[in-house]
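I have placed the structure first, in the form of C-alpha cells, so that the comments after it can refer back to it.
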Amino acid sequence: MRTLGKLFIIITALLALAVAFAWKHFTRPAPAAQASAATIEPSASTMSAQRRTTAPDTLSSSAHAGVDEAQAFQSLKQRAKSGDAVAQRLLAETYDACLVPNLFRDRFLQWNERAGQDRPEQAAELDRIAQKRIALCDAVDGGAIIPQELIRGWYEQAAANGDLAARARGYGMQRTPLDAATATQLLDDVVASRDPAAMRSLGATLTSSITANIGEPYKGLVTGPLAGEAWVLAACRMGYDCGPESMDMANICLFGGRCLGETSEEMMFATIKTDAERAALEQKIQQILEVVSP
C-alpha cells in the first residue's frame, strides 16, 4: 500500500496535471493571470458559475458557517497582501486545496458520492470531509475558479519573503536537481529553524530534486524508502497539525481513498506492511528529531 509521504507527492502531482489539462481545454485565463500574485484576482465571470445552491433545511447553519469561513479567508488574504510571508504560503495552500473543488464542483461531488458507495464504511466520514471542504472553498473568493498562476505566484512570493516551508516546497517540485551547496543550505536552514511547517514541506516533497546531490551530514536523513514519511511525522511530533481534521488528512480522504478519522501518524504506521519497516521509520524519525533538537 502506498505510504503517506508517497501519497502526498502523488496527489500533488496528479492534481497539478488534472487541473493543467482542464484549465487548457475548458477555461480561458483572465488577463490578470499574467500579473503578480499580489494583484491577480479570479475573473468575476467565473464566480457565479461556481456557486451552488444549498438545501433549505441546511441553509441557516451553513450560512452562519459560511460567514465565518469568508471572514477568516478575507483576513488571511489581507495579511498576505500586506506582506506576511507565512500568510502568503497559507493563502497559496488554501487556494491549492480549493483548486479542484471550485473548478470541478459537480464532478468533485459525484466522485466522492461514488467513492462512498464503493467504501460504505467510510461514506459518512468522506461526506463530512467533502462538505467541510466545500464550505471552505465557497468562501475562497466566492467559489471562483482559481488560476494556477495565482497559486504559484503566492507560493513564490512566500518563498521570496523568507517562508522556509514555501522554499522547500518549491525546490522539491522543480525538475532540475539542486546542486550540493544549495541542497545543504536548505537542510541547514530547516534544521536551524526547527519549524514544523518547513519540516513537513520538506518531507512531503522530498524528491530527487533535493536529494540527488546532497552529501553528509544530511544524506542519511533524506534518502531511503521512508525518508519523506519520517520528516512529515517528525514535523507532526514537533507540533504541525497532523490530526484527523488537518488539511493533509482531508486530502488523503478526498483524493487518496482512506477516510478513517486517523492522524497522519496512525495512518502511516497502519499502512506500513512489516514490523521491520515500522521500526526503521521510527528510528529515522528519532534521528531527525535529534538533529533538530536544540
Checklist line | Vicinal HN-Hα couplings computed from phi for the range 104-116 (Karplus, 6.51 cos²θ - 1.76 cosθ + 1.60; Hz; Gly/Pro x) | finding: 10, 4, 5, 5, 4, 5, 5, 4, 5, 5, 5, 5, x
Item checked: Proximal aspartates and glutamates to Lys81, defined as alpha-carbon separation beneath 19 angstrom and excluding residues fewer than eight positions away on the same chain -> Glu41, Glu69, Glu93, Asp96, Asp141, Glu149, Glu156, Asp163
Next item on the list: Once you have the Cα-Cα distance between Arg128 and Thr176, take 0.36 nm times their residue separation minus that, and quote the gain in nm to one decimal.
Entry: 13.3 nm
Notebook entry, point to check: Cross-link partners among aspartates and glutamates for Lys273, C-alpha distance below 17 Å, same-chain residues fewer than 8 apart left out?
Noted result: Glu229, Glu265, Glu282
Next item on the list: Quick one: what are the phi-derived ³J(HN,Hα) couplings along the range 255-270, Karplus 6.51/-1.76/1.60 with θ = phi - 60°, whole Hz, x for glycine and proline?
Entry: 10, x, x, 9, 10, 10, x, 8, 7, 4, 5, 4, 5, 4, 5, 6
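Note the full-extension length gain between Thr274 and Asn213 as 0.36 nm times their separation in residues minus their Cα-Cα distance, in nm to one decimal.
Full extension from Thr274 to Asn213 adds 18.9 nm.
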Check: Using all Cα-Cα distances in the range 178-292, what percent lands in each 10 angstrom bin from 0 up to the longest?
Finding: 14, 45, 32, 8, 0
Checklist line | Residues whose placed amide H lies under 5 Å from that of Cys259, excluding near-sequence neighbours | finding: none
Item checked: Fully extended contour minus Cα-Cα distance, from Gln287 to Asp68, at 0.36 nm per residue -> 74.7 nm
Next item on the list: Quote the convex hull volume per residue of the range 59-208, based on C-alpha atoms, as a whole number of Å³.
Entry: 143 Å³
Next item on the list: Work out from phi, with θ = phi - 60° and the Karplus expression 6.51 cos²θ - 1.76 cosθ + 1.60, the ³J(HN,Hα) of each residue of the range 222-230, listed in order in whole Hz, and give x for Gly and Pro.
Entry: 10, 10, x, x, 10, 5, x, 4, 5
Check: Using the count of nearby Cβ atoms within 10 Å as a rough guide to exposure, how do Val190, Val291 rank from fewest to most?
Finding: Val291, Val190
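No value in this document is a laboratory result; all are computed from the given coordinates. Small disclaimer: the values here were computed from a predicted structure and weren't measured. A quick note on method: Cβ atoms are made from the backbone with ideal geometry, for glycine too, and the neighbour counts reach across all protein chains shown.
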